[in-house]
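Structure first, then comments.
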Amino acid sequence: MRILDKHQAESYAVEGVEVTRWEQFQLTSTVPFQAMWYEVPAGGAAPLDQHPERELSVVVSGEAEVQASGATHVVTQGQAFLLEGQEAHRVHNRSPKAPLLVLSVYWMPERAGELAAAAAGDGGESNE
Ligand code: NI
């Protein structure tokens, strides 16, 4: 088991959002995803985002207002939201006081398909 500790990790600011990427934990060869924590300050918002990866986000603390596919949803602490690949999204923190901390896990959909096929014993050309 490994503890992945945000407080002992390197982070940097992107348009006012503090981003702590999991690349620094060097898990890439052992897990089929990447991940990051991001913290949106009170009253702030993360930049508009769109990418081929699917993205599962868990609200660790605070409350997220998520705009995606023409709708707006409030996601509370402990809840999660799943975004499809290429689904544009923007996360706001409407709280006047509390920061919003999100753990986001993302992966390429076709990569997950390859791994599932390999796990099911279908083989696959990638190993040969
Ligand atoms: Ni995203």
Query raised in the report: At what distance in angstrom do the alpha carbon centres of the stretch 30-48 and the stretch 56-128 lie from each other?
Result: 10 Å
Query - Segment Gln79-Ala112, extension gain: residue separation times 0.36 nm, minus the distance between their alpha carbons - result: 9.6 nm
**Report entry** FRET efficiency estimate (nearest 0.05) - Cβ-Cβ, Leu27 to Glu87, R0 22 angstrom
**Finding:** 0.35
Report summary line: Carbon plus sulfur, as percent of the 1.4 Å-probe accessible area of the chain, comes to 53 percent
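Using only helices, what value at 222 nm comes out for the chain when you add -39,500 (n - 2.57) per DSSP H run of length 4 or more and divide by the total residues, to the nearest 500 deg cm²/dmol?
-2500 deg cm²/dmol
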Query raised in the report: Using a simple spin-label model with points 7 Å from Cα along the Cα→Cβ vector, what separation in nm is obtained for His51 and Asp5?
Result: 2.6 nm
Query - Rounded, prolate or oblate (a/c below 1.5 giving rounded, otherwise prolate when a/b exceeds b/c) for the stretch 1-108 by Cα gyration tensor - result: oblate
Query raised in the report: So what's the angle, to the nearest 10 degrees on a 0 to 90 scale, between helix 109-119 and the longest Cα principal axis of the chain?
Result: 40 degrees
**Report entry** Accessible solvent surface per residue of the stretch 1-100, calculated while the other protein chains remain in place, 1.4 angstrom probe, Å²
**Finding:** 60 Å²
Report summary line: Yeah, the stretch 22-81 with a ≥ b ≥ c from its alpha-carbon gyration tensor (a/c under 1.5 is rounded, else prolate when a/b outruns b/c, oblate otherwise) is prolate
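For the stretch 50-94, what class follows from the C-alpha gyration tensor (a ≥ b ≥ c being the square roots of its eigenvalues): rounded when a/c is under 1.5, otherwise prolate if a/b is larger than b/c, else oblate? Spell out each step's value before the answer.
Details: a/c = 2.39, a/b = 1.48, b/c = 1.62.
Here the stretch 50-94 falls in the oblate category.
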Report summary line: Given backbone amide H placed at 1.01 Å from N, residues whose amide H is under 5 Å from that of Ala88, ignoring those fewer than 5 places away on the same chain, are Ser69
Query raised in the report: Which value, in debye to the nearest 20, describes the size of the charge dipole of the chain about its Cα centre when Lys and Arg Cβ atoms bear +1, Asp and Glu Cβ atoms bear -1, and nothing else is charged?
Result: 540 debye
Query raised in the report: Taking only C-alpha pairs under 8 Å that are 6+ residues apart, what is the relative contact order of the stretch 4-128 in percent?
Result: 28 percent
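The values are calculated or read from the model by the stated rules, or taken from the named source; none is laboratory data. Quick caveat: nothing in here was measured; it's all calculated off a predicted structure. So basically every Cβ, Gly included, is an ideal-geometry build from the backbone, and we count neighbours across all protein chains shown. Each accessible area value is taken on the protein alone, full model and side chains, heavy atoms only, with ligands, DNA and RNA left out. Shrake-Rupley method; radii C 1.70, N 1.55, O 1.52, S 1.80 Å.
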